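Have a look at the structure below, then the notes.
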């Protein structure tokens, strides 16, 4: 009899997500029945990481776990409304835990718990409490391959787009940058190793500077600019 807890893994498609999922596989405490990713309805790609749906499906296929998506912005639906519907869907499948790849931002973890715990879902954070140095050491030892596809424009310029996360790249990061990009300095696309059983071929089609507006707790709106790669299936160079 399988006594593992039934869980959904919140999949960003990036390096920390891949490392967290790999740890879940190794510890074997949870049965992950689905990957869950938020899709921006306007772009058809994942939120922030901007990974196209077809490549997210390729990742899920390589991992061997089905992908379930939330389309944010559809008919004005918010993230909270979409997540509530998703939770109800997965509770019917006996899911009791949602797994994330966060490191140390307490406000993020508290937010997830405040939204999910009242719905009867426990939050699991396999990488929680580790320093960025510790996570990077585990990442390098895991054999996972990931490439930068988004940078926060005011801290990392577009020369970092397309670079793999390796020891040489870490030496190039400016002072004050979180080595894992935990504060949003950069986002990655995982294309090989770790939970992925097969390599995903992709290519960068172009790189654009885009803007996002965020509503602060004060109610004020703040705009951030990012360098964002448009990636598609192809041959990785």
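Laboratory data are not the source of any read-out in this text; all were calculated from the coordinates shown. Predicted model, so just to flag it, every value in this text is computed and none were measured. Quick reminder, even Gly has a Cβ in these numbers, built from the backbone with ideal geometry, and neighbours come from all protein chains shown.
What does DSSP give for the range 5-233 in terms of the percent of beta bridges that are antiparallel, rounded to the nearest 5? Display every interim value, and only then the final one.
Working: 26 of 44 bridges.
In the range 5-233, DSSP labels about 60 percent of beta bridges as antiparallel.
Which of 197, 91 has the fewest other C-beta atoms within 10 Å, and how do the rest follow up to the most? Don't jump to the answer; show the numbers that get you there.
Numbers: 197 11, 91 14.
Least crowded to most crowded, the residues run 197, 91.
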For 190, 213, 180, order by how many other beta-carbon atoms lie within 10 Å, fewest first: 213, 180, 190
Full-stretch length increase - residue 40, residue 96 - with 0.36 nm per residue and alpha-carbon distance subtracted: 17.6 nm
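Mind sorting 38, 96, 188 by how few other Cβ atoms lie within 10 Å of their own Cβ, fewest first?
Values: 38 19, 96 15, 188 26.
Starting with the residue having the fewest Cβ neighbours, the order is 96, 38, 188.
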Relative contact order, percent, the range 103-204 [alpha-carbon distance under 8 Å, six or more residues apart]: 28
FRET E, pair residue 141, residue 117, Förster distance 35 Å, beta-carbon r, rounded to 0.05: 0.60
